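Undergrad: Next up is a structure, given as structure tokens.
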Amino acid sequence: MVNRMKKERILQSSHLVDRDDPGRLELICSVTGPLLDWFHQNSRELPWRGEKDPYRIWVSEIMLQQTRIGAVMAYYLRFMEALPSLTDLARVQEERLLKLWQGLGYYSRAKNLKKAAEKIMDEYGGAFPDRYDLLLKLPGVGAYTAGAIASIAFGERVPAVDGNVLRVLSRLFADDRDISRQDIREEFRRLLMEAMPKEAPGNFNEALMELGELVCIPNGMPLCGECPLKGFCMAFRRGNPEELPFRVKKKARKIQHRLVWLIHRDGRVAIRKRPDKGLLSGLWELPNTEIRIPEDMEASCSVSADSQYSNTEIRIPEDMENSCAFAASDRYFNTEILSREASCAFAGSGRYLNTEILNAEDLEDGEMKGKKTLMRQKGKNAGKVGQDGRAPWGSDCDSSEFRARDREKDFIGFIQKGWDELGIKIPDKQADAREEQILGGSFLGAKEEKHIFSHIEWHMRLVRLELPGDSEIPSGWIWADRAALRDKYALPNAFRLFEKELERVLN
């Protein structure tokens, strides 16, 4: 809606530059001199700036994809110290490479770096390809990266069009079209190809990118007062540069709820390797299981647990009418039901349990804190709904509330299901009792952590389990101590969100 309103305001402004008008080409030519003068005076000192070594330029450009410059610099320096040449990159073990990359995210970039290095060694005898068309054939190298390497390292007259450049041009031309469209990107690229100077094309490309990074900034009002192009900029003249560029709103990311299992023993934690294809392919991770929550249940409850009793706490929002919470009934868990109004509790495991109803006064005076177990079994018929819609022990609950049991059953029972999915074996004659003891000492983090990927969001909660010495973890899992996690195995950022708990069990 906001983007559409912005677009309408732009269209209502004075006549846009004709998109086929050769005046656009002349405009780019006119700004070249002021742009380069500004760049020479204001460009930042960066570890890779001024480099002509295509290997170093290539690594920096790959790192900078979807990653801020400030976050990249330390990684770049560490990477170059460890792998100073193309030969070193081609020969490095993937495990070591991913450890060097840990924290940057988008690990496929690192894997493609190695594949491309091997290709250069095998097909080009170790000589870096020196033409745009050849660079495009390397794994992980697209039009922007090829243009940056070719122009900066080899002086080839070819543009490098990234998000910064698209933003600068859309404002310069007051162009209201969607810059995420490939045809628009290609049109801008052709214009730059015709207009860019023959001398130092790399400086021209870097200057456009630097201007977009420092002055013609996204997400708000650009710093037009500091811009060397403001006398030429159509959007500045019309007073609406902050409304450009225009982008069609992306489809909402899919949300996936997951339990992350911090399984430890003797100062080590269990980790496993992800499949070779798909999200975070081939990386090590803390074991995790998906929580399948019905769409109408999402964001309606938050779950936490007491570290001693492994109680599941269900907080019911004030606006949920006739709310009824359901608790798993098995040997593993005790459950507390919290509601601002008297609510009905029901067991979700097939057993009928009676419950103690807590009203608003219970919450206000703090009596809840001393309660450990609220449910008491009262015979095989306890908890069944009578014909009058009342529970037989007299608490006022509408029978429709009980019909919600199936809808919420998965949400409440996710811990048991996750445990079953892990496949951990406890070779004991009293395995059931041992499982009860283990899960009874688990910790389910009250705080939900979130990690955003390009197309999906993980919403995660943590379970901490200490296994007895005779337990067997599944094939392919390994035990990793502090030194191994520090020096060898790369854990993706999603699991680094639980670093404090990791440190606690590794001590």
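The values are calculated or read from the model by the stated rules, or taken from the named source; none is laboratory data. For clarity, every value in this text was computed on a predicted model and none was experimentally measured. For neighbour counting, all protein chains shown are included, and Cβ atoms are generated from backbone atoms with ideal geometry for every residue, glycine included.
Undergrad: Is it fair to say E81 is charged (D, E, K, R), closer than 25 Å to E156 by Cα, assigned to a helix (DSSP H, G or I) and modelled with pLDDT of 95 or more?
TA: Details: charged (D, E, K, R): yes; closer than 25 Å to E156 by Cα: no; assigned to a helix (DSSP H, G or I): yes; modelled with pLDDT of 95 or more: yes.
So E81 does not fit the description; no.
Undergrad: For segment 223-235, indicate whether the set of residues that are of a type outside the set (S, T, Y) and under 30 Å from the mean Cα position of the chain (by Cα) is non-empty. Don't jump to the end; show me each part of the working.
TA: Quick first cut of segment 223-235, residues of a type outside the set (S, T, Y) only: 223-235.
Still in the running and under 30 Å from the mean Cα position of the chain (by Cα): 223.
Yes, because at least one residue in segment 223-235 is of a type outside the set (S, T, Y) and under 30 Å from the mean Cα position of the chain (by Cα).
Undergrad: Taking the residues in segment 53-76 that are within 17 Å of the chain's Cα centre (by Cα) and either part of a loop (DSSP other than H, G, I, E, B) or not hydrophobic (A, V, I, L, M, F, W, C) (or both) as candidates, determine which candidate is surrounded by the most Cβ atoms within 10 Å (Cβ to Cβ).
TA: Checking each candidate, the answer is L64.
Undergrad: Scan segment 67-90 and report the pairs whose first residue is within 19 Å of G126 (Cα to Cα) and whose second residue is hydroxyl-bearing (S, T, Y) and surrounded by 14 or more Cβ atoms within 10 Å (Cβ to Cβ), with Cβ atoms within less than 8 Å and a gap of 6+ or a chain change.
TA: S85/Y55; L86/Y55; L89/Y55
Undergrad: Scan segment 185-201 residue by residue and report those that are buried (at least 19 other Cβ atoms within 10 Å of the Cβ) and either among the small types (G, A, S) or without any contact (Cβ under 8 Å) to a residue 40 or more places away in the chain (or both).
TA: F188
Yes/no matrix, rows are residues, columns are (1) at pLDDT 95 or above; (2) within 15 Å of N42 (Cβ to Cβ); (3) surrounded by fewer than 16 Cβ atoms within 10 Å (Cβ to Cβ); (4) in contact with a Leu (Cβ under 8 Å, 6 or more places away or on another chain):
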| site | (1), (2), (3), (4) |
| --- | --- |
| V215 | yes, yes, no, yes |
| N219 | no, no, yes, no |
| R237 | no, no, yes, no |
| P241 | no, no, no, no |
| V248 | no, no, yes, no |
| Q256 | no, no, no, no |
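Undergrad: Within segment 489-504, does at least one residue satisfy the condition of being within 22 Å of the chain's Cα centre (by Cα), crowded, with 18+ Cβ neighbours inside 10 Å, among the acidic types (D, E) and closer than 25 Å to L104 by Cβ?
TA: yes
Undergrad: Restricting to segment 150-168, count the residues that are surrounded by fewer than 21 Cβ atoms within 10 Å (Cβ to Cβ), on the phi < 0 side of the Ramachandran plot and not charged (D, E, K, R).
TA: Summing the residues that are surrounded by fewer than 21 Cβ atoms within 10 Å (Cβ to Cβ), on the phi < 0 side of the Ramachandran plot and not charged (D, E, K, R) in segment 150-168 gives 4.
Undergrad: Can you pull out the residues in segment 116-129 that are surrounded by 14 or more Cβ atoms within 10 Å (Cβ to Cβ), part of a helix (DSSP H, G or I) and either of a type outside the set (A, V, I, L, M) or touching a residue at least 60 places away in the same chain (Cβ under 8 Å) (or both)?
TA: From segment 116-129, those surrounded by 14 or more Cβ atoms within 10 Å (Cβ to Cβ) are 116-121, 124, 128-129; that's our starting set.
Narrowing further to those that are part of a helix (DSSP H, G or I): 116-121.
Listed by number, the residues that qualify are E118, K119.
Undergrad: Mind checking which pairs have a first residue in segment 23-42 that is under 18 Å from K198 (Cβ atoms) and a second that is of a type in the set (F, W, Y) and part of a helix (DSSP H, G or I), Cβ under 9 Å, 6 or more apart or different chains?
TA: Short answer, once both residue conditions are applied: T32/F204; L35/F204; L36/F204; F39/F204.
Undergrad: Considering every residue within segment 170-178, establish whether at least one is of a type in the set (D, E) and buried (at least 19 other Cβ atoms within 10 Å of the Cβ).
TA: At the first step, the residues of segment 170-178 found to be of a type in the set (D, E) are 175-176, 178.
Pick out the ones that are also buried (at least 19 other Cβ atoms within 10 Å of the Cβ) and you get 175-176.
Yes, there is a match, as at least one residue in segment 170-178 is of a type in the set (D, E) and buried (at least 19 other Cβ atoms within 10 Å of the Cβ).
Undergrad: Within segment 264-274, is even one residue without any contact (Cβ under 8 Å) to a residue 12 or more places away in the chain and either aliphatic (A, V, I, L, M) or in a loop (DSSP other than H, G, I, E, B) (or both)?
TA: First pass over segment 264-274, keeping only residues without any contact (Cβ under 8 Å) to a residue 12 or more places away in the chain: 274.
Cutting the leftovers down to either aliphatic (A, V, I, L, M) or in a loop (DSSP other than H, G, I, E, B) (or both) gives us 274.
The answer is yes; a qualifying residue exists.
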